[in-house]
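Working notes for the structure below.
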């Protein structure tokens, strides 16, 4: 997937919940508050998902883009067309 398409997907996910899988096997879920061209993410209300009903609250965090394997949005916002 090209970086252009990835950044568009992130733009549509802003304000929504995303699940981020990291290189070390961990999974983090939180509300996407911001990102940059390197895919560094700012997640609010983040929690490390350790199992079906097991998680550890992390709060507001920054995830470095080079540690990310996958980003899964829970729901994409629809683009609002102009005139």
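The values are calculated or read from the model by the stated rules, or taken from the named source; none is laboratory data. Given the structure is predicted, the values throughout are model-derived calculations rather than measurements. All Cβ positions, glycine included, derive from the backbone under ideal geometry; neighbour counts span all protein chains shown.
Tabulated data
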read-out: Every pair of residues 6+ apart whose Cβ atoms lie under 8 Å, when the first sits in region 1-28 and is surrounded by 13 or more Cβ atoms within 10 Å (Cβ to Cβ) while the second is modelled with pLDDT of 90 or more and in a helix (DSSP H, G or I); value: 22/67
read-out: Those residues of region 16-56 which are outside any strand (DSSP E or B) and under 10 Å from the mean Cα position of the chain (by Cα), in sequence order; value: 16, 39, 40
read-out: Candidates 23, 33, 64, filtered to the one that is in contact with a helix residue (DSSP H, G or I) (Cβ under 9 Å, 6 or more places away or on another chain) and modelled with pLDDT of 90 or more; value: 23
read-out: Residues of region 37-55 classified as at pLDDT below 95, touching a helix residue (DSSP H, G or I) at 6+ places or on another chain (Cβ under 9 Å) and surrounded by fewer than 16 Cβ atoms within 10 Å (Cβ to Cβ), total; value: 2
read-out: Scan of region 3-15 for residues that are in a loop (DSSP other than H, G, I, E, B) and either touching a strand residue (DSSP E or B) at 6+ places or on another chain (Cβ under 6 Å) or closer than 14 Å to residue 70 by Cα (or both), ordered by number; value: 14
read-out: Leading residue by the ranking (modelled with the lowest pLDDT) among those in region 67-83 that are in contact with a helix residue (DSSP H, G or I) (Cβ under 9 Å, 6 or more places away or on another chain) and farther than 17 Å from residue 22 by Cβ; value: 79
